[in-house]
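Novice: Shown below is the structure under consideration.
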Amino acid sequence: VSHMVLQEVSSMQENLEVEKTCRQTVEALATKLNRQNRSLKRKSMMYMAHLDANVIAEINLSDEEENHQEEEAEICSSSHCQIVISELRNKLEACLEEKKKLAFELETTKDLLHKTREELLREKHDNTVLIAETLQQKKLLGKYNRVSQYAVEEYEALQADLELEKDLRVEAENFAHKMLVEQKKLKRQSQVMMQSVSPSEALANALKEITSLTHTMEKQRLEHQKQLKRLEEELHGSELQKQLAALERKTAVLEEERKECMEKCSKVETEAKDLRFTVEELQKKLQQVSNPLPGPPPPPPPPPPPPPPPPPSSVSANPLSSLMSLLRKKKGTNADIPLVEKDGAPKEPEKDIRQQAVSEMMERIKKGIHLRPVVQTGNRARPQQQPRERIPSGSAIQELKGILTSTKRPSPCPSPTARPSSPEQSELQKVLMKRRGVLDTAHDNMSSSQPFPSSVLDLTRVKVAPSSADKNHATPKH
């Protein structure tokens, strides 16, 4: 419809232009004819002034007018004029058609240009959106990379712990097997001795008591081993440790986001302060312009004071400090939280120390040196289970981690204690106990010269204690 309307308007405009041109040509011809008529009138008046009245009466003006009209009709009806007029009309029609075509093409090109501009704007908008999305994806990829690095480090640490525990378990099983073989040998020897020699009633009672004591001590040792295994499994497979690792990763990511937000906030604050300062200056200038004073100009305003230093991030961003204080008051975990020595010397890895301790222990067992049972105290067990990663003591999150690790630690297994001696103890038992005390003091002096900082050695000493007691009790037979 719009194209039809445009065509009609263009045709009307063309007709109007043609009519204007025709009118202008007619007006020009009319003015020319008027001039010619006036000149002819003047000439005729001049000629008539020279002629007589009789001559003027003889002139037939009607004949001249008829002849003039016939000449004009003949001129207009000539073939040449008709051909020229037809050619001009054809040219005019062709020009009008070309004009219509060009107008239509112009409209189509305008529409295409408008569409292309709209598409260009859409493409620009899509490009900006894609650039923003790519930036977000890059940030997410950076965060995922950091989290994956933390996960890989944790996995490697857990794998190393698992391999170490497997090696220690194999060595402990081998040692327990050897001890069982030696115990069986001693039992067979004691049976042979009992069959060959007829012991007295006192010796028989003492041997019975010794066997009962060794049996109870072996039971207690097995129970302690089971408890230790169960506690280790709970410690390694606990969900709290996994949750703690996940929380640590989240806290690291949130800490980075908080730093970014703090930087943005500081930039915005500085910009706001600059704007305030400029607004104050403009207000003062306006006041000076509106209220001019005849006196000397006032001194320039002092520069704005520097912004206050931002509060420490540990206080503002760690709301867990109050929780830490409450937990310390309730549980008294100040001594349990592992603190970092800032200028401490680098320590050797635990694996080398444990391997050295196990190798030295096996050499002592081969040489026949009796190992002393050692009770693990809380102060000795704690540094063995310190986290591998040294953490700054000021962070409340790391303090929470220390509290959780201290709560997860297995309670130190008590050394197997002998049953309380009854008042009706025989003299043989007293002698055996004295000899055992002398041997223990001798082993204490020997072990003090070569300390072993390993929890595995202490456990193996606890295991060896019943066998050493059996040997000490079996010595009076020989």
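The values are calculated or read from the model by the stated rules, or taken from the named source; none is laboratory data. All values derive from a computational prediction rather than experimental measurement. Glycine also receives a Cβ, built like all others from the backbone with ideal geometry; neighbour counts cover every protein chain displayed.
Novice: Taking the stated definitions as given, is ASN54 surrounded by 10 or more Cβ atoms within 10 Å (Cβ to Cβ), farther than 20 Å from GLU97 by Cα, modelled with pLDDT under 85 and out of contact with any Gly (no Cβ under 9 Å at 6 or more places or on another chain)?
Specialist: Taking the combined requirement at face value, the residue does not satisfy it.
Novice: Between residues in region 71-92 that are at pLDDT 75 or above and residues that are among the β-branched types (Val, Ile, Thr) and surrounded by 10 or more Cβ atoms within 10 Å (Cβ to Cβ), which pairs lie under 9 Å by C-beta distance while being six or more apart or on different chains?
Specialist: LEU92/VAL18
Novice: I need the full set of residues from region 1-20 which are of a type in the set (Val, Ile, Thr), part of a helix (DSSP H, G or I) and farther than 15 Å from LEU96 by Cα, in order please.
Specialist: Kept after step one, since they are of a type in the set (Val, Ile, Thr), are these residues of region 1-20: 1, 5, 9, 18.
Those left that are additionally part of a helix (DSSP H, G or I): 5, 9, 18.
Scanning region 1-20 gives a single hit, VAL5.
Novice: Could you please give the count of residues in region 81-97 that are over 12 Å from SER10 (Cα atoms) and exposed (fewer than 11 other Cβ atoms within 10 Å of the Cβ)?
Specialist: 9
Novice: Checking the structure you have, find out if any residue of region 258-278 is closer than 22 Å to GLU154 by Cα and among the basic types (Lys, Arg).
Specialist: Going through region 258-278, the residues closer than 22 Å to GLU154 by Cα turn out to be none.
The answer is no; no qualifying residue exists.
Novice: Another question, if that's okay. Restricting attention to region 189-217, report how many residues are modelled with pLDDT of 75 or more and surrounded by 13 or more Cβ atoms within 10 Å (Cβ to Cβ).
Specialist: 12
Novice: From the list GLU255, GLU233, which residue is of a type outside the set (Val, Ile, Thr), modelled with pLDDT under 80 and under 30 Å from VAL152 (Cα atoms)?
Specialist: Answer to the selection: GLU233.
Novice: Here is a further query. Within the bounds of region 128-140, is there any residue that is surrounded by 10 or more Cβ atoms within 10 Å (Cβ to Cβ), among the small types (Gly, Ala, Ser), part of a helix (DSSP H, G or I) and under 13 Å from the mean Cα position of the chain (by Cα)?
Specialist: no
Novice: Okay, next question. State which residue pairs qualify: first residue within 16 Å of GLU93 (Cα to Cα) and inside region 6-31, second residue part of a helix (DSSP H, G or I) and of a type in the set (A, V, I, L, M) in any location, beta carbons under 6 Å apart, and separation of 6 or more residues or different chains.
Specialist: So the pair list comes out as SER10/ALA103; GLU14/LEU96.
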